[in-house]
Amino acid sequence: MMANSELATAVMRRVPFTVVLTDNRGYGCINRLQTMGCGGEPFNNMYVDCNVEVQPEIDYVAHAASMGAHAVMAKDTDQLEAEIEAARDRDIPTVIVIETIANDFPGTGLETKAGEHGAFWDVAVPEVSTRQKQVDRYQEYLGQIAKARLVN
């Protein structure tokens with residue numbers, strides 16, 4: 001939504017590329033890394049945390065299609081893979097939308113943590129805080145840094 005005019009330009013110029021749009025109803029990556037991952041509290045990164053009268057329900061497939069792109073909703077990762085493969089034969093941009101889990105949902109089996117799949121994105125955690133949650137997270141962060149240095 002921040003820079004979608006390039007999509008319309010690419011359609012007009014027939015510049016093919018593929019966008020995989022992960023719809024997590026906000027800025028889930030930023031929320032997880034900078035807020036939850038650093039021991040903070042949610043701060044307007046997710047639509048549900050914003051002070052709005054109505055939650056947005058953006059139809060990204062319709063939006064991309066309205067600019068002339070080939071747009072489709074992938075229901076799962078198998079369909080996502082198939083759509084990525086099919087996009088290679090198009091002469092216009094393709095937008096593939098897939099819904100994702102934005103945050104942890106304790107007790108549902110959908111709990112995740114950045115890095116649990118072997119990746120580490122170094123987002124610094126404040127060293128000093130009066131909040132125990134943040135102090136604890138800083139100690140975890142130091143462990144992640146030490147582990148990352150051993151791997152590299």
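The values are calculated or read from the model by the stated rules, or taken from the named source; none is laboratory data. Only a predicted model underlies this, so the values are computations on that prediction, with no experimental measurement involved. Positions of Cβ are backbone-derived with ideal geometry, glycine not excepted, and every protein chain shown enters the neighbour counts. Only protein heavy atoms, including side chains, enter the accessible area calculation; ligands, DNA and RNA are left aside. Shrake-Rupley method; radii C 1.70, N 1.55, O 1.52, S 1.80 Å.
For segment 6-36, how many residues are charged (D, E, K, R) and at pLDDT 85 or above? Let's see the steps before the verdict.
So the first thing to find is which residues in segment 6-36 are charged (D, E, K, R), and the list is 6, 13-14, 23, 25, 32.
Going one step further and asking which of them are at pLDDT 85 or above, we end up with 6, 13-14, 23.
Within segment 6-36, residues that are charged (D, E, K, R) and at pLDDT 85 or above number 4.
The sole residue among G68, G39 that is modelled with pLDDT of 95 or more, assigned to a loop (DSSP other than H, G, I, E, B) and surrounded by 14 or more Cβ atoms within 10 Å (Cβ to Cβ) is G68. Can you confirm whether segment 80-88 contains a residue that is at pLDDT 95 or above, in a loop (DSSP other than H, G, I, E, B) and farther than 23 Å from R32 by Cα? Yes, some residue in segment 80-88 is at pLDDT 95 or above, in a loop (DSSP other than H, G, I, E, B) and farther than 23 Å from R32 by Cα. Residue count for segment 42-65 satisfying the condition of being in contact with a Pro (Cβ under 7 Å, 6 or more places away or on another chain) and open to solvent by 70 Å² or more (accessible area, probe 1.4 Å): 0.
Which one of these is at pLDDT 75 or above and of a type in the set (S, T, Y): T100, T108?
T100
Looking only at residues of segment 123-135 that are loosely packed, with under 14 Cβ neighbours inside 10 Å and touching a Phe, Trp or Tyr at 6+ places or on another chain (Cβ under 9 Å), we find that the one that is modelled with the lowest pLDDT is A124. Out of curiosity, is V61 of a type in the set (A, V, I, L, M) and part of a helix (DSSP H, G or I)? Yes, satisfied.
For segment 89-97, state whether one or more residues are among the hydroxyl-bearing types (S, T, Y) and either at pLDDT below 90 or surrounded by 14 or more Cβ atoms within 10 Å (Cβ to Cβ) (or both). The answer is yes, given that some residue of segment 89-97 is among the hydroxyl-bearing types (S, T, Y) and either at pLDDT below 90 or surrounded by 14 or more Cβ atoms within 10 Å (Cβ to Cβ) (or both).
Being over 30 Å from D122 (Cβ atoms), charged (D, E, K, R) and either free of Cβ contacts under 8 Å to residues at least 12 places away in the same chain or in contact with a Cys (Cβ under 7 Å, 6 or more places away or on another chain) (or both), is that true of even one residue in segment 39-55? Checking segment 39-55: at least one residue is over 30 Å from D122 (Cβ atoms), charged (D, E, K, R) and either free of Cβ contacts under 8 Å to residues at least 12 places away in the same chain or in contact with a Cys (Cβ under 7 Å, 6 or more places away or on another chain) (or both).
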